[in-house]
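Here is the structure we will look at, set down as structure tokens.
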Amino acid sequence: MDCPTCEAMVDAYVDGELTAIESAAFEQALELCPGCRRRLADARAVSDALRALPAEPAPDLLRARIERELRAIAGRPTQRIRWSAMAASLIVAIGIGWLGGSLLGHGTRETDELIAGYIRVAMSDHGVEVASSDRHTVKPWFAGRIDYAPPVHDLTAEGFPLLGGRVDLVDGRKVAVLVYRRNQHRLALTLWPSSSSGNAAPSLAQRDGFALADWRHGGFEMHAVADLAPSEMKSFAAAVDQAIDADR
């Protein structure tokens, strides 16, 4: 085994990813390569330092984004990536991005929770707790699970068929989430009673590749998140408002 090959195997050796035969060959090559021995010592020092760091629970948004990226990459059959290195890179990159957004004020805790909730809906094969396009099935399901009755409408005619509903937590409160579909994308509408009177037009934004809409209509605070273009999100908000008005 030549020195470049030996050095390239250092991280895998430290992480315990080599086979017994590969480990034996690597250890034999170390005896003839002082540079690789130093590289191994450095890698072990870094590994020990990382293990010694205090463990803090990752925010839901950070965990969800890491899982989303891992699944996206894993779905590329032609790409060979060592899982440990890939995960470490994603954790560092996404973690820095999350810290930057939080420290610089680019996001709020409420927005983080809404996006994290949407990612759970989009990634799961069972993104709803009650699966139905029938409003008379979905709306009664919320009774006893939350302390209000959300307006529920199937928007198939407008291009947003209702998939069902679920209950999520936002800022410690149980809230209703209605899940819709737009082509192959899911859309999560989280809503709760408003403390303000009157309606407010949708405020559209983009964050982390997602379209967000926040508005107030019919006595409810509306918060929609989806992997859609802002124009489609605007159409969805208009369809929700029209359905609520028509139901009065």
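Structure above, values below:
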{"read-out": "Length gained when the stretch Arg44-Thr108 is fully extended (0.36 nm per residue, less Cα-Cα span)", "value": "19.2 nm"}
{"read-out": "Net charge of neighbours whose Cβ lies under 13 Å from the Cβ of Leu32, counting Lys and Arg as +1 and Asp and Glu as -1", "value": "-3"}
{"read-out": "At R0 = 22 Å, FRET efficiency that the Cβ-Cβ distance of Gln206 and Ser124 yields, to 0.05", "value": "0.40"}
{"read-out": "Mean separation of Cα contacts under 8 Å, 6 or more apart, over the residue count of the stretch 98-239: relative contact order %", "value": "18 percent"}
{"read-out": "Residue-wise HN-Hα coupling along the stretch 154-170, computed from phi with Karplus coefficients 6.51, -1.76, 1.60 (Hz; x: Gly, Pro)", "value": "8, 10, 4, 4, 8, x, 10, x, 6, 9, x, x, 7, 10, 10, 10, 10"}
{"read-out": "Under-5 Å amide H pairs with His217, H placed in peptide plane, nonlocal only", "value": "Ala200, Met222"}
{"read-out": "Note, ³J(HN,Hα) from phi for the stretch 173-186, Karplus 6.51, -1.76, 1.60, rounded to Hz, x at Gly and Pro", "value": "10, 6, 9, 7, 10, 9, 10, 10, 10, 10, 6, 9, 9, 9"}
{"read-out": "Vicinal HN-Hα couplings computed from phi for the stretch 228-240 (Karplus, 6.51 cos²θ - 1.76 cosθ + 1.60; Hz; Gly/Pro x)", "value": "10, 6, x, 5, 6, 5, 5, 5, 5, 4, 5, 5, 4"}
{"read-out": "Cα-projected label distance for Thr156 with Ser133, points at 7 Å along beta-carbon direction, nm", "value": "0.3 nm"}
{"read-out": "Neighbour-count ranking [beta-carbon atoms within 10 angstrom, fewest first] of Glu113, Glu221", "value": "Glu221, Glu113"}
{"read-out": "Using a Förster distance of 22 Å, the FRET efficiency for Asp247-Asp147 (Cβ separation, nearest 0.05)", "value": "0.60"}
{"read-out": "Amide H within-cut-off set for Asp208, under 5 Å, with H built and near neighbours excluded", "value": "none"}
{"read-out": "Long-range HN-HN contacts of Gly164 with modeled amide H, under 5 Å", "value": "Ser132, Val179"}
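Laboratory data are not the source of any read-out in this text; all were calculated from the coordinates shown. Only a predicted model underlies this, so the values are computations on that prediction, with no experimental measurement involved. Neighbour counts are summed over all protein chains in view; Cβ atoms, including those assigned to glycine, are modelled from backbone coordinates with ideal geometry.
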